[in-house]
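Student: Take a look at the following structure, please.
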Amino acid sequence: MEIKLTEYARKCGCGAKLSSKKLSEVLEKLPKVHNENLIVGTETSDDAGVYKLNDQMAIIQTVDFFTPIVDDPYTFGVIAATNALSDVYAMGGDPVTALNIVCFPNRIDLSVLGEILRGGIDKAKEAGAIIVGGHTIEDEEPKYGMAVTGIISPDKVLKNYGARVGEVLILTKPLGIGIISTAMKGGKASDHSKEAVIKSMTTLNKYSSEIVRKYNISACTDVTGFGLMGHSYEMASSSGVTIVLDKEKIPYIKEAEEYSKQGLVPGGMFNNMEYLKDKYEFIDIPEYLSNIVFDPQTSGGLLVSCSSEDAEKMLEELNKLEIKSHIIGTVAEKQEKSILFK
């Protein structure tokens, strides 16, 4: 059955997130959770929660779902699953089980949902996880994702804080996913950009995470809805440092520059800009590149802080993978702004 899934998601914007600033204000008013076995909670806006079961094992828990970002149902399922699984890899763990989360309209044939779920099953299988159930509700907009449980040794957890002065930052996937997805929705994306963005969104962070874990990593996160700037800010602020990004080294899918200049940018980019408006300083940064670093990513890469010595060895291994990794900046003493981009 031929169907344009993204048409059902346009009224809110594909994968749109709540305003970062407003959401933070609400969350800050909620009571804090304290438990001696809770290794990672909500305090540092990390990628997932981590709970210690015993001295040998902790569980990682995360959830993510969104509206269609492509029209093909199977590919949408693969992308949504890849994205949901990513947070487990960002914490240094391995996913073991997942629960499907489905919102689906009655007016779309259920065979379409079957293809979405098949895509999720196949990607979970690649990750080494099994889908053990889920929950569905009727909704005017189709949405799909997963609640994922992973496992890790309590002393091996990677966190989004702990970056140290003098370290370098590695990004394992190029940026521009939100911008190119916007161009795709408008029917203006080239075949090359479509192929590049789908390849990125459907590539598990499993493979880069397995390499990263071999080295002495100070901090790690994945770059998703808050863009490179938002996730860099979380790392910088929680680590008590300033992150310095190099404009000559930021990797992005090449067509993102052209589409950015044409104004083909997602609404979530402006939310990210508003949230961080007094947290950064840009020095001679063109507008298109500003858009790219604020661009919300779906199933983006890992952002890793480590010593320059480890970075050199790690990059050699990472760049044997199909999607190349790049050093994009350094970690400096804390300054007035959390991020300098120059």
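The values are calculated or read from the model by the stated rules, or taken from the named source; none is laboratory data. Because the structure is predicted, anything quoted here is derived from the model rather than measured. Glycine also receives a Cβ, built like all others from the backbone with ideal geometry; neighbour counts cover every protein chain displayed.
Student: It is to be established whether one or more residues within the stretch 322-330 are over 22 Å from residue 196 (Cβ atoms) and modelled with pLDDT of 95 or more.
Tutor: Yes; the residues of the stretch 322-330 include at least one that is over 22 Å from residue 196 (Cβ atoms) and modelled with pLDDT of 95 or more.
Student: Restricting to the stretch 180-220, name every residue that is of a type in the set (Phe, Trp, Tyr) and in a loop (DSSP other than H, G, I, E, B).
Tutor: 215
Student: (1) within 20 Å of the chain's Cα centre (by Cα); (2) at pLDDT below 90: which one isn't true of residue 28, the others all being true?
Tutor: It is condition (1) that residue 28 fails.
Student: For the stretch 296-342, give me every one of the strands (runs of 3 or more DSSP E) that falls completely inside it and has 1 or more residues that are not hydrophobic (A, V, I, L, M, F, W, C). Write out each step before concluding.
Tutor: Numbers: elements: 302-306, 326-333, 339-341.
Correct list: 302-306, 326-333.
Student: Take residue 123 and decide whether it is under 20 Å from residue 223 (Cα atoms), modelled with pLDDT of 95 or more and assigned by TED's automatic domain parsing to the domain that holds residue 40.
Tutor: Answer is yes for this residue.
Student: Pick from the stretch 171-200 the residues that are among the hydrophobic types (A, V, I, L, M, F, W, C) and in contact with a Gly (Cβ under 9 Å, 6 or more places away or on another chain): which of them is nearest to residue 221 (Cα to Cα)?
Tutor: So, considering only residues that are among the hydrophobic types (A, V, I, L, M, F, W, C) and in contact with a Gly (Cβ under 9 Å, 6 or more places away or on another chain), the one nearest to residue 221 (Cα to Cα) is 171.
Residue by residue, here is whether (1) touching a helix residue (DSSP H, G or I) at 6+ places or on another chain (Cβ under 6 Å); (2) at pLDDT below 95; (3) small (Gly, Ala, Ser) holds:
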site: 172; (1), (2), (3): yes, no, no
site: 177; (1), (2), (3): yes, no, no
site: 187; (1), (2), (3): no, yes, yes
site: 205; (1), (2), (3): yes, no, no
site: 210; (1), (2), (3): no, no, no
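Student: Just to verify a result, which residue in the stretch 144-192, among those that are among the charged types (D, E, K, R) and free of Cβ contacts under 8 Å to residues at least 40 places away in the same chain, is surrounded by the most Cβ atoms within 10 Å (Cβ to Cβ)?
Tutor: Among those residues, the one meeting the criterion is 155.
Student: Can you find a residue in the stretch 74-82 that is at pLDDT below 95 and in contact with a helix residue (DSSP H, G or I) (Cβ under 6 Å, 6 or more places away or on another chain)?
Tutor: Scanning the stretch 74-82, I find no residue that is at pLDDT below 95 and in contact with a helix residue (DSSP H, G or I) (Cβ under 6 Å, 6 or more places away or on another chain), so the answer is no.
Student: Right, here's the next one. Tell me, which residue of the stretch 221-248 that is part of a strand (DSSP E or B) and among the β-branched types (Val, Ile, Thr) is nearest to the chain's Cα centre (by Cα)?
Tutor: If we take residues in the stretch 221-248 being part of a strand (DSSP E or B) and among the β-branched types (Val, Ile, Thr), then 221 is nearest to the chain's Cα centre (by Cα).
Student: Would you mind finding the one in 243, 250, 217 that is β-branched (Val, Ile, Thr) and surrounded by fewer than 21 Cβ atoms within 10 Å (Cβ to Cβ)?
Tutor: Every option except 250 fails the conditions.
Student: When you look at residue 234, is it assigned by TED's automatic domain parsing to the domain that holds residue 294, surrounded by fewer than 23 Cβ atoms within 10 Å (Cβ to Cβ) and without any contact (Cβ under 8 Å) to a residue 12 or more places away in the chain, yes or no?
Tutor: It is false that residue 234 is assigned by TED's automatic domain parsing to the domain that holds residue 294, surrounded by fewer than 23 Cβ atoms within 10 Å (Cβ to Cβ) and without any contact (Cβ under 8 Å) to a residue 12 or more places away in the chain.
Student: When you scan the stretch 309-332, do you find a residue that is assigned by TED's automatic domain parsing to the domain that holds residue 216 and more than 28 Å from residue 207 (Cβ to Cβ), even just one?
Tutor: Yes; the residues of the stretch 309-332 include at least one that is assigned by TED's automatic domain parsing to the domain that holds residue 216 and more than 28 Å from residue 207 (Cβ to Cβ).
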